[in-house]
Structure formats: structure tokens, C-alpha cells
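J.: Got a structure for you, written out below as C-alpha cells; questions coming shortly.
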Amino acid sequence: MAAAMLLALGLLVHPAPVSAYEGEVERRDKPPEPHVPVLTKPPQLLRFVEATYPEEAIKDGLTGEVVLQVDIAADGSVADAQVTGGAGHGFDEAALAAVKQFGFSPAEIDGAPAPVRIEYRYHFVLKEKPPEPEQPKPPPPVTFHGRIIERGSRTPIAGASVSCKERDEAAVTDADGAFELRAPAGPCTATVISYGHQTFTRLEQLEEGKVLEVTYHLMPTNFGLYSTVVRGEREKREAVVRSMEREELQKVPGSFGDPIRAIQNMPGVARMPYGAGFLLVRGALPQETGAYMDSVEIPLLFHLLGGPSVVNPEFLDKLDFFPGGFGPGYGRAIGGIVDAGTRRGTPTDYHGSFKIDFLDSAAFAEAAVSEKLSVAFAGRRSYIDLLLPHFLPNDPRTGAISVLPRYWDYQARLDYGQKGDKNVFTLMAFGSDDNLAVVASGGQRDREFALSSHTNFHRLRANWLWHDGAWSNLFAPYLGRDATDTTFGSGDAALGGNVIQPGGGLRDELAVELDGGSKIRLGADWALFQSQFNIMVPQLGEYRRFPGSDSNAPPEKVQRSVDDFDFGFYLTFEARLTPSLLLIPGLRLDQIRLGGHPKSATDPRLTVRWGVTEATTLKGAVGHYSQAPQAFYLDSQFGNPDLELNKAFQSSLGVEHKITPAISVDVTGFYNRRYDIAVATGKTVTGDDGLPHPLRYVNDGLGRAYGVELMLRHEITANFFGWLSYTLSRSEQRNRGGGDYQLSPYDQPHILTLVAQYKMGNGWEFGGRFRLVSGMPSTPIVGSTYDADRQGYSAIGGEVLSTREPTFHQLDLRVDKGWLFNDWKLGVYLDVQNVYNANNPEGYQWDYRYRTRSEIPGIPFLPTLGIKGSF
């Protein structure tokens, strides 16, 4: 009596967030983000119920078509049905009653059953019809197939609906974006509908006996220079971890599109004067914060001048920043931890990108060699040393200051195995090289200042990730070489030299998931490096030279080789006491041997997270941390072999609250105490010969830092992301037995940063960053005296750290414009640092009598125009 056809014109789906992370590195502190649903299996009609033909319609010989909107539940039953296009004469009621009794196979979104909404057309046709003339057989159906990919990126689009307007035929693309239709010959207005893309329409002519193969490029509804990596929220397992994804990392204004520089905008991070790519975290010294790439320790994360980072942005997958309270998996640091995670190469096809601006040029390429093997390469080279001198002052009265930085880096990665395989292997080589020269000359200085620094490192690491059910193990050996060459001054009076550190290590972590969501992690962290010193230091004579003698004695050459061996074990128990209460006790044991001097450390740590409500979480952490002093401090001639490890106690307490699905606030208070810090001393000790010998260094350093960190964050949405961070803190230090605490040289009480980025449509994006930071404490120079023995002037300092440098303030802006082509995308950007050319001096250079001084300027108004392409 009746015939029905099912046409999936569009699906409205509402899947739950999906938790996901790649490899062994977990995703942290990432709230839910908009998720692109993927239809992996359309519903199929399993039970058809024939509608009762209205008697009035039979009597009058009427036929009709009723259009219904049908809601199919996750189990395939009809949850609701409504008539959207009625035919009258009783057809609407009959069709509605029949459709509500239909049964379907469940639809699946992202591989899981999910409710969907479809449009169904019910045709009422009289069974008894007068005989019709015999119709010729229709021509055989024509095969119409192809791929649906995203314009610009060539990314396959799964779950797109493809249909012919003139035919009751429809198909859904698979994971590779492929589809296939079989329709009669003739015109076909192909229509493609996909969430997050503009509807695509094209008229095709299907010819009998031929196969039509097409590739359609869909335009994203919102696009920019960079693609967004969408992930569900990963369960947080630390008291404070600030995680960011590629979209945020590459868009922060003032960072020149470089990811890791975004850390400088996080709460708890003080501003480091330019010229050094280090981090000042919660009052700790720069060398007390550890830098890692894929959990492998590296000497630095930034190139000179505080950036860019030593990894190409295209290689970076995520960035985890722990300002304190990190777990026992990390060691050899008493400040914070930064861990940059790189991503796998593409599992299909090939991709690449290039970037050219006034500062540097970079290129990236990746390709899938086979179904399980992929490779990726990247490289970068700067030429900022050619640009920056044109923006630095050259005053005839004070002379010229030349700051000439130059850097390059590389990464190469090979991956074997697919996500979800029992065994996955990775081999990666990466490294960087930095060279900085600072020269102040001319004017009325009467003397020159010169500094040169050359730093490079290389790493070769392998990863073997094994996973079987609840068990997993990560085995990661690596080899490396670090080198630093620093020189102060010039000619025979130059001080400094080079330190070369070849070595290697490995990390092995076994994890098992228990019932109820608990997990145990047991790991070993081993490192062996040899420090080879070849430096020039001032002569350490016991007596001063008599007046009139040569006071410019040449420096003394020192050559040393020190072995640094560190073997650490760690254990973590992630105890899920209730669905909302997570308790994570942990313990790290380190056995360290520096230059033949054994040291040991026992560091217990504890983290607690309690979800008071779905939107509010209380969190806290306490822990003990240990770090070896610099190897040269233990030298028998220039240091103290009996030095102990530097130590710290860290604690924090805070609350996280999700105001809306996209807006969250995090408030954390912290108190850190550093003790047994190696510091220089004038103390002596009586040797076996009965004579006093200088100790040079002792473990008398004490420090403390306390404060409150605030972060108000708007997650990435279709058009906007940004955050406001503020840190109120105090950092102090003193020597044991040396009186009251005094300000640390790096103390910055107020640190305010505001970051915002907005997509205006049609490829335009606009962003800004504003920073307001207290100046660092300084010791004034109030005069000078003439030293006849030295035949030179010596400065007279005022009260130690009694003044403070001017407040730092700077506005940076960034504008992006992108264009999409079928197989690639092109963009240009203008990144301007210090828009209103604020005067932020980073230091001062005095004349030889310490009477007049000139500023060592900070970054001036510095625009950078760049171009970026990707395919």
C-alpha cells in the first residue's frame, strides 16, 4: 500500500566530551571545548509499520506525501515524531501513528551510539491502480564516488552527507572522507553538508556506462592562519598545571607566533630581562627551573632574548607548565617545570609549511611513508642580528650599543605504529644553537663593554611505548651534548671560556590501572653527563700587588673534567578514593655522584584534588625537592667538594571554578622555602697542613617566596580566546646566621598580563597583549673611590637592593590575514612589540669614574611582518 524512503539530509548531534591524550604524556588543565561530531554509522530502518490508508482518501482516489521530523533515540527507538509537511485528508495522522512504531539500528557518533534527528517522507499510494503502459527498463545506475576534504589543509572530512538533489540517494563519508553513490544517469546536483563547513553544491552530469570520480573541497565556516586541535578535557592530576594547545600557543601577540614564549604570560612567572632565555618561577633562580622536551631534560627552552622556543611551532603538540608542586616523575629541580610535548607525524598523506619574517625563516614537512610509518622534519634560521641594530639608539654623547643575536634549530622525527597499537616506536633528533654579542662603545664612556655567548645542544632520543590492557610501559633512552662558550671583555683580559657536556640517560615508567580509576606508576630516571671546563678566571693570589705594579695580570686558565651521575627512582599512587576525591602520594629517591662526591635525596610529595561540585575543585600540594649545585662549585681548587644538595619545600592551596563552559577562574596561594642553597663565602677552613684555606662556597643560602596567583581564562571558541593573569608575591633571601630576610634580586611584587585574540571572519584575526610588571630591586651606586693599588676607580654602593628599577609596561599587537586555496593556505601577519615605544631599560653602563651612566635599552618599537604558508 505504501512505500517509504529515508533521506539523511542533516543530523543534529550532541555527543558528550571525549577525553583523549597522545602517547605517554597526559593532557592537563584543558576544559571542554567545542567538539566536531563525526557520524561513523547512520541509522538503518529495521522495522517498518504500514500506515492505515484513510477511507476518505481511498473513496476519492487520493494519494499523498507526508514529511515528518523523526527523533531516533540512542537505542534505535523513535523518541518523538512531528509532521513538518502535511498532506491532509487523514494522511498526517495515519503517517504519524505508523512512524512512531518504527524501529531503527542505533546511529553512532564517534563510534558510540547517539541520538539523531532525520527527515522521513511517507508516500501513500493506492494499491489498486488501472494498468499502466509498460515502461522501458531504467538504465543501470551510475557509480558516483569521490572524497570530501577541507579546503586549505586537505584534511579528510568524515561524517559529511552527500546527496543528489534530483534523486532520493544519499551517502555519508567515512574516516578518509570517501563516499559512493549509485544513481541513474542524468543531472545530479551534488550537495555536501558537514558540521563546521559551508554547504557545497555542484551540478554533475552522470553518464550511462561511466564512473564519475570527484574531489570536493569544503570551506571551513571559520578559519585563520593556524588550525585548531580540538580535544576533550583530560583529567587533571596536579595541583597546578597550566596546559595550552597549539591554537593558543601560536597566536599569542608579542610572541611572533612562537609557542613556548606564551609561558611568560602565565601566573607565577616573573619577567626576565632580555638577553637570557630563562624563567623566573615563584622566586626560584633561573637555573632552578627544569626544561624538558617529551620528558627529556634539555638545557634551555628559549633562544636568546627570551625566545623564540627551540622547537618549531609545527612540531609542538602541547605545553605543560608546573610553577610548583610537580610530581615525583620530575627531579633535579627546586623551582618549576616546563615540558614541551611534540606531536606524531601525519598518519596519512603529506603536509608542510614555511614561515618567513624579519626575524627568521622556518620550514616544516611531514609525510606518511606507509600505513604505520611517518616522518617529519623542521628547521629554522634567524637574521635578527641584521635587523635589531637599526632600532637601537646611537647617541653621540653616550655612544652605541650593539645587541647581535643569531640562532638556528632543527627537529627530525620518525614514528612507527598507530595510536592504539600494542607497540609504538619513536626516534627523534633535535637541537639548537645560539650566539649573542653585546658591545657598548663610543661616546664619552672612556671604555668599552663586550659580552659574547654561544650555546648549543643536541639530543637523540628513542621511545618505545608498550600497552596491553591495564598495563603500559614507556622506555625512553637518549644521548646528548651541551656546550656553552661565554666571554666577558676582549683580548688578553677576557674572562670566561667553554663548558662541554656530553652524556645521555634513559627513563622507564611502568603504569597499571586499577579498578575504580586508581593507578600506580613506578619509574626510573637516569642521567650521566661529563662536564669539561676550559675557562679563564681572575688569578686567586693571596696577596694584593704593591702600588705601581701591573694590576692587569692575565687571567688564570682552568681545565677540569667532572662526572655528573644521577640515578632516580620514583613511585606514584593515584588513589581515586571517591569519584570526586583524588589523592596522589608519591616518593622520589635520587642517588647523585658529582665529581666523585656522592649525594642522596629523599623527596616525598603529595597532591590532593577534591571536586566539591561539578564546577568547583579544591586542590593542594606539598612536597620536598632537591637539586645538585653546579658542578664547578664542587671543584677542589675553586669550590667546595663537601657541598650538599640544594633543597626546597613547596606548598600550595587553591580553587578552580568553571563559571561557564568556556570561562574558568583559578586562584592559588603558595609558599616555597629554599634552603641549603650553595652561595659564595669568605669563610676558611683549616687544612691538613694546618693552614687556612678558603671554602669559596657553602650551603648557607636561604630563600622564601609566597604569594597568590590568579588566572581568568576564556577557552578557545569559534571566534575568541584569551586570559588575564595576575601574580602578587614576595621573594626574599638571606644567608644562614646573616640576619633578617632581604629582597631577592628577582623580586617582582606585581605581575599583570592580559592576552586576547579574536577571529573577525574571512581570515582576519586581531590580538593584543599588555604587560605591567614591577621593576626588579637594585643597589644604587652613590659614588666612587680611586684605588691606587688597582690604578682604577671602584664603585661605592648604597644600601643593598634599596631601590627598584622603573615599572615595566608594554603593549604588543598582532594582525593576521589568511587565504584558503584548494590544496594549501597562505597568511600574512604583522606582530608589533612595544607599540607605544615604552622606555624599559634593562640595565646601565657607567663611565670609568662611576659618575655618569647610559641605559642598556630594552626591546624598542619592533614591528615584524611575516608570511606563512601550509599545505
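J.: Would you mind getting the accessible area per residue of region 143-204, heavy atoms of the protein chains only, 1.4 Å probe, in Å²?
T.: 44 Å²
J.: Which value, in Å² rounded to 10, gives the accessible area of MET776 with a 1.4 Å probe and all protein chains present?
T.: That residue has around 30 Å² of solvent-accessible surface.
J.: Also, I was wondering about something else. Say R0 is 35 Å: what FRET efficiency, to the nearest 0.05, do HIS693 and THR779 get from their beta-carbon distance? Please report the intermediate quantities before stating the final value.
T.: Details: r = 30 Å, r/R0 = 0.86.
Efficiency computed from Cβ-Cβ geometry: 0.70.
J.: How large is ³J(HN,Hα) for each residue in region 87-96, as worked out from phi by the Karplus curve 6.51 cos²θ - 1.76 cosθ + 1.60 (θ = phi - 60°), to whole Hz, x for Gly and Pro?
T.: Each residue of region 87-96 in turn: 10, x, 6, x, 5, 4, 5, 5, 5, 5 Hz.
J.: At 7 Å along Cα-to-Cβ for each site, give me the label-to-label distance between TRP471 and TYR416 in nm.
T.: 2.2 nm
J.: Determine the order of GLU213, GLU513, GLU614 by accessible area, beginning with the largest, at a probe radius of 1.4 Å. Provide the component values of the computation, followed by the final result.
T.: On the way: GLU213 135, GLU513 100, GLU614 195 Å².
Largest accessible area first, the residues go GLU614, GLU213, GLU513.
J.: Answer with one residue from VAL800, GLY739, GLY775: the one whose Cα lies farthest towards the positive end of the charge dipole of region 724-803, charges on Cβ with Lys, Arg +1 and Asp, Glu -1.
T.: GLY775
J.: I need the calculated FRET efficiency for the pair ALA73 and LEU728, taking r as the beta carbon distance and R₀ as 45 Å, to the nearest 0.05. Intermediate values should be presented prior to the final figure.
T.: Values: r = 52 Å, r/R0 = 1.16.
Rounded to the nearest 0.05, the efficiency is 0.30.
J.: Starting from the Cα of SER802, step 7 Å along the direction of its Cβ; do the same at ASP823; then give the gap between the two resulting points in nm.
T.: Going by the 7 Å Cα→Cβ label model, 7.2 nm.
J.: Protein chains only, probe 1.4 Å: how do GLU55, GLU805, GLU314, GLU208 rank by accessible area, largest first?
T.: Accessible-area ranking of GLU55, GLU805, GLU314, GLU208, largest first: GLU55, GLU208, GLU805, GLU314.
J.: Shifting gears a bit: Over region 754-815, average the accessible area per residue using a 1.4 Å probe and give it in Å², no decimals.
T.: So region 754-815 comes to 50 Å² accessible per residue, rounded to a whole number.
J.: Moving to a separate point now. What is the percent carbon and sulfur in the accessible area of region 702-775, measuring with a 1.4 Å probe over the protein chains and ignoring ligands?
T.: Taking all protein chains in place, region 702-775 shows 61 percent carbon and sulfur surface.
J.: Something else: If I take R0 = 45 Å and measure r between the Cβ atoms of ASP80 and VAL655 in this structure, what FRET efficiency does the formula 1/(1 + (r/R0)^6) give, to the nearest 0.05?
T.: So, using R0 = 45 Å, E works out to roughly 0.60.
J.: Heavy-atom accessible area of THR852 with all protein chains present, probe 1.4 Å, nearest 10 Å²?
T.: 80 Å²
J.: While we're looking at this one, here's another question. Could you tell me the distance between the Cα centroids of region 339-381 and region 805-862, to the nearest Å?
T.: Using only Cα atoms to place each centre, the spacing works out to 29 Å.
J.: Could you give the accessible area per residue of region 279-364, probe 1.4 Å, as a whole number in Å²?
T.: Per residue, region 279-364 has 20 Å² of solvent-accessible surface.
J.: Stretched out fully, how many nm does the piece from ILE520 to PHE766 gain, at 0.36 nm a residue minus the Cα gap?
T.: Extending this stretch completely gives an extra 84.0 nm.
J.: Could you order LYS372, LYS817 so the one with the most accessible surface comes first? Probe is 1.4 Å.
T.: LYS372, LYS817
J.: Also: Using a 1.4 angstrom probe and counting only protein chains, how large is the accessible area of ASP482 in Å², to 10?
T.: 20 Å²
J.: Here's a follow-up. Fully extended, how many nm does the chain gain between LEU495 and THR201 (0.36 nm per residue separation, minus their Cα-Cα distance)?
T.: 98.7 nm
J.: Carbon and sulfur together cover what percent of the accessible area of region 591-694 at a 1.4 Å probe radius?
T.: 60 percent
The values are calculated or read from the model by the stated rules, or taken from the named source; none is laboratory data. Because the structure is a prediction, the values reported are computed rather than measured. We place every Cβ from the backbone using ideal geometry, glycine too, and count neighbours over all the protein chains shown. With ligands, DNA and RNA removed, areas are computed over all heavy atoms of the protein, side chains included. Shrake-Rupley method; radii C 1.70, N 1.55, O 1.52, S 1.80 Å.
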